[in-house]
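Only one structure is covered here, and it is reproduced in the block below.
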2 protein chains.
Amino acid sequence: MSPKRHATATDVARLAGVSQSAVSRAFTPGASIAEETRLRVAEAARQLGYRPNAIARSLTTRRSRIIGVAASYLQNHFYPDVLEALSRGLQARGYQMLLFMPDAGRHADPQLQEVLAWRVDALILASTTLSSELADQCQAAGIPVLLFNRTSRAPSVSSVTGENLRGGRLIAEFLVTGGHRRLGFLAGIENSSTSRDRERGFCGWLEEHGHRPPLREVGLYRFDEASAAARRLLARPDRPDAIFCGNDHMATAVAEVARHEFGLRIPRDLSLVGFDDTGPARWPSFSLTSFSQPVQPMVDATVALVCEMIENPAAPTRHEVVRGELVVRGSARMPTEGCVSLAEQLVWRPAVVDAAG
Amino acid sequence: MSPKRHATATDVARLAGVSQSAVSRAFTPGASIAEETRLRVAEAARQLGYRPNAIARSLTTRRSRIIGVAASYLQNHFYPDVLEALSRGLQARGYQMLLFMPDAGRHADPQLQEVLAWRVDALILASTTLSSELADQCQAAGIPVLLFNRTSRAPSVSSVTGENLRGGRLIAEFLVTGGHRRLGFLAGIENSSTSRDRERGFCGWLEEHGHRPPLREVGLYRFDEASAAARRLLARPDRPDAIFCGNDHMATAVAEVARHEFGLRIPRDLSLVGFDDTGPARWPSFSLTSFSQPVQPMVDATVALVCEMIENPAAPTRHEVVRGELVVRGSARMPTEGCVSLAEQLVWRPAVVDAAG
DNA sequence: GCTAGGGTTGCATGCGTATGCAAGCTGGCG
DNA sequence: CGCCAGCTTGCATACGCATGCAACCCTAGC
């Protein structure tokens with residue numbers, strides 16, 4: 001028993017006593033067809049279990065209505081949330097999602113070739129970048145590329161990110177205002193734009209205000225690496241009294257190590273601040289103070305932008321930055337001033353205007 | 001500037017001075033073509049940036065090499081892990097993954113239609129079911145369907161699951177052996193096969209051994225619902241001293257509520273056991289005793305089975321059950337006997353053979 | 001030198017749908 | 001009654017690639 005043939009438009013046409021074109025039009029919204037014919041076709045299609053073949057359709061229309069999506073680091077709860085929102089957003093606009101997972105920390109190039117073979121209408125790369133050659137190749141082919149939570153050195157690739165730079169600065173100010181002087185920074189992936197920008201913001205503010213640079217370790221945005229980094233950091237004689245972790249996922253790792261291996265209490269012995277405001281970080285056990293990257297707004301911006309780029313491939317590159325807040329919870333010592341309630345949350349809004357806006 | 005035309009096989013053929021067929025053969029492994037010709041074609045293809053069009057290829061071969069994957073409940077860390085493993089597994093076998101997210105707790109039917117339009121080679125539904133009509137429809141169309149972590153009432157749909165029934169029984173025995181008598185059960189989604197089977201195993205063992213049925217609440221496999229259920233359960237005068245949670249995700253919710261709202265200590269005041277052995281449940285803060293559903297073996301079985309079903313669509317339905325272990329950590333009072341070390345883990349292996357195997 | 005056979009190649013066609021074009025039909029208006 | 005406009009419909013073709021078939025070339029064997 002070979003894979004049974006699907007019913008085709010021609011089969012339906014025969015049964016309904018119309019031409020194949022009529023069947024096609026019956027399934028094309030806005031096409032010129034009499035209501036009566038449309039109904040007759042619909043009935044015949046129902047009888048045969050007919051569904052238009054998206055592959056054949058894409059071949060003629062030269063639009064696949066598929067969007068290639070790359071995602072990695074799904075251990076970080078931020079990304080499953082993003083994936084879910086993205087799926088709904090694209091679905092709502094009539095797009096399908098071809099998902100692939102690049103090797104963490106590397107370019108998405110290899111798997112991308114397979115995805116490009118599907119003539120996707122656009123590419124969304126979450127927490128991933130692509131080589132500039134491939135970026136050029138996509139541009140030459142007229143395929144919009146959108147980086148999510150990353151930016152590219154190649155300025156021609158659009159992106160949607162959170163406020164990495166401002167977040168980093170604000171966290172520096174928050175911790176210093178809270179009275180901390182022995183700061184630590186736990187970097188994510190070294191050559192990722194997010195980690196770089198957060199660090200630049202953090203260290204930039206410190207330097208501008210005459211503070212020593214923080215102790216530094218690398219956690220690669222991974223739980224186990226972050227745990228190891230925490231051990232190194234906390235075992236030092238000049239152990240920091242506050243650590244800014246490149247994201248919430250690493251912050252939870254640090255919290256676990258600090259409490260269960262070093263017997264530290266948070267925030268009494270150690271203040272922690274994360275980035276993302278997502279997942280377990282919000283649970284009472286962690287109650288993480290964190291700069292937020294609001295998933296829904298970021299995904300909304302992504303979907304809107306990618307649709308726009310599909311409509312108008314010649315549109316200029318855009319770098320959308322979605323506003324976040326420093327959400328104050330219990331994992332870091334709280335400054336006496338600057339905390340305001342906002343939408344049932346406490347956020348940090350220092351009164352003094354930052355000189356180096 | 002309209003979306004630029006991709007180079008086609010004909011373009012490459014012209015440049016290389018061969019026929020379009022030769023180009024096709026150059027990109028078809030095993031096709032009859034002289035090495036020299038293949039190289040000339042490859043060079044021409046490189047110059048033009050040519051990639052075979054997967055859409056056109058699928059139209060002629062009648063195989064898309066795309067597998068539709070449904071996933072929901074991504075808040076439960078189990079599923080992102082599964083998704084990642086699945087992506088790599090399918091990729092390795094040359095399949096792409098068309099991902100969609102059905103509305104939680106409902107049939108996957110609506111979005112499924114769109115996916116079927118792509119003539120996917122198979123469907124994998126994780127934590128989802130489909131209506132029996134649609135199951136029939138897929139069978140009629142010769143599309144293999146595989147349920148992951150669910151079974152269907154319709155016996156004709158294959159599945160890969162963990163040992164839900166045995167796990168439930170073992171957990172009952174574990175808790176009773178540990179001295180617990182006031183048991184609670186936190187159900188997942190009422191009409192999901194996993195929750196039903198785990199409960200059947202749990203309650204079945206209790207009944208067979210003359211114990212009262214557990215107190216029961218429903219958490220719908222969701223964090224907030226599980227939290228609410230935990231509040232109801234723990235506020236009772238006859239509060240349980242041990243709760244079997246339908247999965248780890250809900251168990252963490254219960255742990256949070258128990259500790260931070262009721263001031264209970266785990267496992268001194270309350271024992272918790274989960275299911276899945278995944279994600280935050282393994283962190284020291286939760287250190288959850290849990291029946292494991294090993295992701296990699298489950299995904300391996302899934303990939304193997306789905307490929308087999310594609311090769312041979314007439315193959316009989318199969319229900320693969322992947323073995324798990326009751327991994328013993330710190331969230332539940334430990335029986336004095338029955339714990340053995342296995343691969344650097346403590347697992348519960350009661351000596352007495354279960355009569356009702 | 002001739003033939004058989006294996007390895008290559010091109011030709012022609014088909015996959016299932018969308019769509020430009022022209023033909024057919026209908027109704028309204030002069 | 002004639003004509004024109006507008007709505008439907010069918011015809012024919014194109015989309016880009018795979019593949020059966022026949023033609024071709026080359027080599028080995030006799």
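For B:278-291, what's the mean count of beta carbons from other chains sitting within 10 Å of each residue's beta carbon?
Mean partner shielding for this stretch: 3.
Distances between equivalent label points of B:Ser156 across the copies, with each point positioned 7 Å along Cα→Cβ, amount to 5.3 nm, shortest listed first. Taking Cα centre as origin and charging only the Cβ of basic (Lys, Arg, +1) and acidic (Asp, Glu, -1) residues, the dipole magnitude of the range B:9-52 rounds to 100 debye. Across all directions, the average projected area of the convex hull around the alpha carbons of chain B is 23.4 nm². Viscosity 1.567 mPa s, temperature 4 °C: give me the Stokes-Einstein translational D for the protein assembly as shown in µm²/s, with Rh taken as the Kirkwood radius over C-alpha pairs. Using the Kirkwood radius from Cα pairs, D works out to 46 µm²/s. In a fully extended conformation the segment linking A:Arg216 and A:Arg106 would gain 37.3 nm over its present Cα-Cα distance, using 0.36 nm per residue. Normalised by 2.2 N^0.38 Å, where N is the number of residues, the C-alpha radius of gyration of the range B:9-52 stands at 0.95. Only protein heavy atoms count here; under a 1.4 Å probe, A:Phe27 has an accessible surface of about 70 Å².
Accessible surface for B:Glu207 stands near 140 Å², nearest 10, in the context of the full protein assembly shown (1.4 Å probe). Here the label points at B:Thr336 and A:Arg232, each 7 Å from Cα along the C-beta direction, are separated by 4.7 nm in the simple model. Given the options A:Arg231, A:Arg265, A:Arg46, state which has the largest fluctuation in a GNM of chain A using a 10 Å cut-off (strictly under) for Cα springs. Among A:Arg231, A:Arg265, A:Arg46, the largest GNM mean-square fluctuation belongs to A:Arg46.
Full extension from B:Ser156 to B:Arg265: what is 0.36 nm times the residue separation minus their Cα-Cα distance, to one decimal in nm?
Full extension of this stretch gives 34.6 nm more.
In order along the range B:161-175, phi translates into HN-Hα couplings of 9, x, 8, 4, 5, 4, x, x, 5, 5, 5, 4, 4, 4, 5 Hz, rounded to whole numbers, per the Karplus curve 6.51 cos²θ - 1.76 cosθ + 1.60 with θ = phi - 60° and x for Gly and Pro.
The mean number of Cβ atoms from other chains found within 10 Å of a Cβ in peptide A:164-170 is 0, as a whole number. Sorted from closest to farthest, the other copies place their B:Arg212 label points 6.1 nm away, with each point set 7 Å from Cα along Cα→Cβ.
DSSP finds beta bridges in chain A, and of those with both partners inside it, around 15 percent are antiparallel. For chain B, the longest principal axis of the alpha carbon atoms and the long axis of helix B:78-92 meet at an angle near 30°. From helices alone, chain B scores -12500 deg cm²/dmol at 222 nm; the rule is -39500 (n - 2.57) for each run of n ≥ 4 DSSP H residues, then divide by the residue total. Phi angles across the range A:298-313 convert, under the Karplus curve 6.51 cos²θ - 1.76 cosθ + 1.60 with θ = phi - 60°, into 3J(HN,Hα) values of 5, 5, 4, 4, 5, 5, 4, 5, 5, 5, 4, 5, 5, 4, 10, x Hz, Gly and Pro given as x. List every residue whose amide H lies under 5 Å from the amide H of A:Ile66, counting only residues 5 or more places away in sequence or on a different chain, with H placed 1.01 Å from N in the peptide plane. Hits under the 5 Å cutoff: A:Gln96, A:Asp121.
Comment: the Cα-to-Cβ extended label point of B:Arg5, at 7 Å, lies 3.2 nm from its counterparts in the other copies, nearest first. With contacts taken as Cα pairs under 8 Å at a separation of at least 6 residues, the range A:9-52 carries a relative contact order of 42 percent. Peptides B:267-273, B:140-146 ordered by packing proxy, namely the average of other Cβ atoms within 10 Å per residue, highest first: B:267-273, B:140-146. Between helix A:193-208 and chain A there is an angle of about 30 degrees, using the helix long axis and the longest principal axis of the Cα atoms. For the range B:140-157, the Karplus equation 6.51 cos²θ - 1.76 cosθ + 1.60, evaluated at θ = phi - 60°, returns couplings of 4, 7, x, 9, x, 10, 10, 8, 10, 6, 8, 10, 10, 5, 5, x, 7, 9 Hz by residue, with Gly and Pro reported as x. For chain A, relative contact order (Cα pairs under 8 Å, six or more residues apart, normalised by length) works out to 14 percent.
Please find the FRET efficiency linking B:Glu43 to A:Glu320, where r is the Cβ-Cβ separation and R0 is fixed at 60 Å, and quote it to the nearest 0.05. Don't skip to the end; give the middle numbers.
On the way: r = 40 Å, r/R0 = 0.67.
That gives a FRET efficiency of 0.90.
Under 5 Å from the amide H of A:Ala332 lie the amide H atoms of A:Leu272, A:Thr289, each residue being 5 or more positions distant or on a separate chain, with H modelled from the backbone and absent for Pro and chain starts. For peptide B:147-159, the mean count of partner chain Cβ atoms within 10 Å of a residue's Cβ comes to 0.
The values are calculated or read from the model by the stated rules, or taken from the named source; none is laboratory data. Everything quoted here is computed from the prediction, not taken from an experiment. All Cβ positions, even for glycine, are placed from backbone atoms using ideal geometry, and neighbour counts span all protein chains on display. The area values use the complete protein model at the heavy-atom level, side chains included, leaving out ligands, DNA and RNA. Shrake-Rupley method; radii C 1.70, N 1.55, O 1.52, S 1.80 Å.
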